[in-house]
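Remarks on the structure that follows.
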């Protein structure tokens, strides 16, 4: 049997995602939990798996431990086998290429030996930061049909948001004829999704050409558009860059909407649920006799004795009698004790909210966080990993409690809107 | 010491007629239990937590479901240099001996036919377990007691309601070691008039030579069961047989109503079966349960005193029930006192009361199953797998529906009366 040379996948998972604030304090953005037991990178990895691609390199840089533990050997995405595999590609020092990745193209260039050891006809270049469902096989077919050097996954976004993206001007054949990276005065609403198919040889040539071309969007693509065959592959469907607290919260809420466009189950999204090394498997979620749950996602291992509304609960969350969780996202093993209220809040793993506390109180949703006004300004409060909120405490809107904050760190019974602990 | 000293053998071959349609396509040990797991996960998790790393599973009846479930044994950490789980199905060999030409004729015969496997492992003690009981036990304590007494055979016993004792092996245990156990002075298998309320859990620790000899001698007889034959024969031979007193929860699921009751023991404020505390593990690959997305609970849903696993979508009312992965409960539907296996779909305005439904059943709209009284008394209604129940069908309390009933059969039957059987 002759094995078909299939496309090689490179997944850029080094993103800091600093606007996600304390959620990326101990992990890279692709490793941020999403929709109960998933992580953001599961969407890209599952799309790769469901597209029938089985050779993947994951480029990491920023706080990769959580990500590496999550990937494991790649069994969860069926990447184990003779000709299959997922390889972690961390930054490394060499004779000349010391130092950290300076940009997306630089990251790939520093792993050019991986590319050379895995010859293929095409390379699919992805980011591990997005929530979407896409068939890369169809995109590859399109790339071959167009005989393109580079094909860029693109979609229409509101004109007001285009400033965050690479923007492409196309002709009637979908050939990209002009490119603007993060334009202040956009001429188009067609945005790059950061998904590229490169002709293998073309990519190698581009990387060898000039070491100062460190970014695909800023350097490699504009030059390719000027000189070679670059096409846009139009994408229609759900796609979110969950790069801000607000967009992250909205995408989670999209999962629990009844008429939602996003469904991990229907999209065939897989995750690695064994990464946390417990001695028992998570048992079924347990609902007590006074539980009231509506419009929510509840993961295995949860114990619900209080009220949960419009919320997304990761595995092992406990909501005690009389407690209320509303419009919130709780990561694994958070405990909300008796008669506490959690409203419009994101709690990282293992947060404990002692009894009779209120997290997210009052209606001053528009008083932004004083230290991070660009991160928190819509009313959402953030509680960091393993923080303990003492009994009887009240926390306002747009607040941040840093990870591992202990009870003793709270000097008063009230944390005002926009404050940080 | 690197070599494991204990060899565990799980008796997982049997079918048990009283469980009826639930064991048509799987042995009793592979019956789903606990909302996401299977009955055999309980002894397997006990072995894991007892540090017993060599395990054989004797399997005969419809073993596919069981083999699929055990997989490599990785779910229970049973892969590694000195760790392993072997499935031992019946086999033919070259000898003309009639003994080997047959299926396993009983639990003792199953072990006898695999004596070469047992001897190859050269164990210091052989632990024989039943694959279909629900309990949490650290076998190391019992094995330590077995060695302390230098016993030929040690058997675990649990106190049961004396009215039920006649269904089990019943022993008289002396007070040699008080609450821990003592010498067995009398043993009867399923006695009509039990002398005590100490029932055998079918957890046996044998001195290997004693077991080998007993199994050889048993081949001359016409019956090949540990409880009925081996233990009484060893008692008669005056061997040193001790009883080890177990005091925790023991779920025996020999009938549909016992199986239903054991499920109800998973519910309540302080459930008798605490899977998290017991460290229960299952094979998350089986039926793809690891891939199920967290449960979605929509507006209009009410869930009370119930277990709901990932993959469920709830729009109706669920009370005192256990829903396995992939169960959907439509708007207006009410599910009470019921156990719904994997991937059942309950349509709008259905009413299920004290029902056990096997995997892949679809209930159309406005179907009524069970008494509909919401009371926990009364008979359990059982629906076999792969049934598509038409809209507005009525299935009475205590009825039994066989697996794979055809569309023609449903339209002919129109419904199933109280206590009736549709097959």
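Laboratory data are not the source of any read-out in this text; all were calculated from the coordinates shown. Source: prediction; values computed, not measured. Note that each Cβ is placed from the backbone with ideal geometry, even for glycine, and that neighbours are counted across all protein chains shown.
Given R₀ = 56 Å, what would the calculated FRET efficiency be for residue A:208 paired with residue B:163, taking r from the Cβ atoms and rounding to 0.05?
0.10
Using a Gaussian network model of chain A whose springs link C-alpha atoms within less than 10 Å, name the residue from A:353, A:370, A:88 with the highest mean-square fluctuation.
Fluctuation is largest for A:370.
Calculated from DSSP H runs of 4 or more alone, at -39500 (n - 2.57) each and per residue, what is the 222 nm mean residue ellipticity of chain B, nearest 500?
-5000 deg cm²/dmol
Is the shape of the stretch B:179-235 rounded, prolate or oblate, going by the alpha carbon gyration tensor and its root eigenvalues a ≥ b ≥ c, with a/c under 1.5 for rounded and a/b larger than b/c for prolate?
oblate
Calculate, for residue B:388 and residue A:144, the FRET efficiency according to 1/(1 + (r/R0)^6) with r their C-beta to C-beta distance and R0 45 Å; round to the nearest 0.05.
0.55
Rounded, prolate or oblate: which fits the stretch A:8-255 when a ≥ b ≥ c are the square roots of the eigenvalues of the alpha-carbon gyration tensor, with rounded for a/c under 1.5 and prolate only if a/b beats b/c?
Taking the square roots of the gyration eigenvalues as a ≥ b ≥ c, the stretch A:8-255 is rounded.
Roughly what angle does helix A:200-209 make with the longest principal axis of chain A, taking Cα atoms, 0 to 90 degrees, to the nearest 10?
90
Modelling each spin label as a point 7 Å along the Cα-to-Cβ direction, I'd like the residue B:247/residue A:278 distance in nm, to one decimal.
2.9
If you rank B:296, A:140 by fewest surrounding Cβ atoms within 10 Å, what's the result?
A:140, B:296
Arrange B:306, A:294, B:272 by Cβ neighbour counts within 10 Å, fewest through most, would you?
B:272, A:294, B:306
Considering only C-alpha atoms, what is the centroid distance from the stretch B:346-385 to the stretch B:48-70, in Å?
Taking the Cα centre of each part, the stretch B:346-385 and the stretch B:48-70 sit 32 Å apart.
For peptide A:297-305, what's the mean number of Cβ atoms from other chains within 10 Å of each residue's Cβ?
Mean inter-chain Cβ contacts per residue within 10 Å come to 5.
In Å and on Cα atoms, what radius of gyration and Dmax does the stretch B:41-148 show?
Gyration radius and largest Cα-Cα distance of the stretch B:41-148: 14.8, 43 Å.
With each run of n ≥ 4 DSSP H residues scored as -39500 (n - 2.57), what mean residue ellipticity at 222 nm is computed for chain A after dividing by its residue count and rounding to the nearest 500 deg cm²/dmol?
-4500 deg cm²/dmol
Shielding by partners for B:281-294, please: the mean number of other protein chain Cβ atoms within 10 Å of each residue's Cβ.
Per-residue shielding by partner chains comes out at 5.
What is the calculated FRET efficiency for residue B:72 to residue B:257, with r their C-beta to C-beta distance and R₀ = 35 Å, to the nearest 0.05?
0.45
Once you've got the GNM for chain A with C-alpha springs shorter than 10 Å, pick whichever of A:375, A:335, A:130 has the biggest mean-square fluctuation.
Highest fluctuation among the options: A:375.
Report the dimensions of chain A along its three principal axes from the alpha-carbon atoms, largest first, rounded to Å.
Principal-axis extents of the Cα atoms in chain A, largest first: 65, 52, 48 Å.
Just checking the output field for B:307-315: average partner chain Cβ neighbours within 10 Å of each residue's Cβ?
5
Looking only at the stretch A:401-421, which residues have a backbone nitrogen under 14 Å from a spot 7 Å from the Cα of residue A:370 in the C-beta direction?
Only A:401, A:411-412, A:414-421 fall inside the zone, counting backbone N under 14 Å.
How far, in degrees from 0 to 90, does helix B:208-218 lean away from the longest principal axis of the Cα atoms of chain B, to the nearest 10?
It is inclined by approximately 80 degrees.
Pick from B:237, B:151, B:37: which residue has the top mean-square fluctuation in a GNM of chain B where Cα pairs under 10 Å get a spring?
Sorting by GNM fluctuation, first place goes to B:237.
Taking only Cα atoms of the stretch B:371-419, what ratio of Rg to Rh do you get with Rh as the Kirkwood inverse-distance radius?
Reported Rg/Rh (Cα atoms, Kirkwood Rh): 0.98.
Eigenvalues of the Cα gyration tensor times 5, then square-rooted: what semi-axes does that give for the stretch B:149-199, in whole angstrom, largest first?
So the three semi-axes of the stretch B:149-199 are 20, 11, 9 Å.
Assuming a ≥ b ≥ c are the square roots of the Cα gyration tensor eigenvalues, decide whether the stretch A:59-167 counts as rounded (a/c under 1.5), prolate (otherwise, with a/b larger than b/c) or oblate.
In terms of gyration-tensor shape, rounded.
If we sort A:40-48, B:122-130 on the protection proxy, mean other Cβ atoms within 10 Å, highest first, what's the order?
A:40-48, B:122-130
For the stretch A:290-421, just the Cα set please: Rg and Dmax, both in angstrom.
In order Rg, Dmax, the Cα atoms of the stretch A:290-421 give 13.3, 40 Å.
Using a 10 Å cut-off around each Cβ, can you sort A:193, A:218 from fewest to most neighbouring Cβ atoms?
Ranking A:193, A:218 by Cβ neighbours within 10 Å, fewest first, gives A:218, A:193.
What distance in nm lies between label points placed 7 Å from Cα along the C-beta direction at residue A:289 and residue A:18?
5.4
Just from the alpha-carbon atoms, what are the Rg and Dmax of the protein assembly as shown in angstroms?
That works out to 30.8, 97 Å for Rg and Dmax.
Could you work out how far helix A:41-50 tilts from the main Cα principal axis of chain A, as a 0 to 90 degree angle to the nearest 10?
50
Put a dot 7 Å past each Cα toward the Cβ at residue B:366 and residue B:221; how far apart are the dots in nm?
6.0
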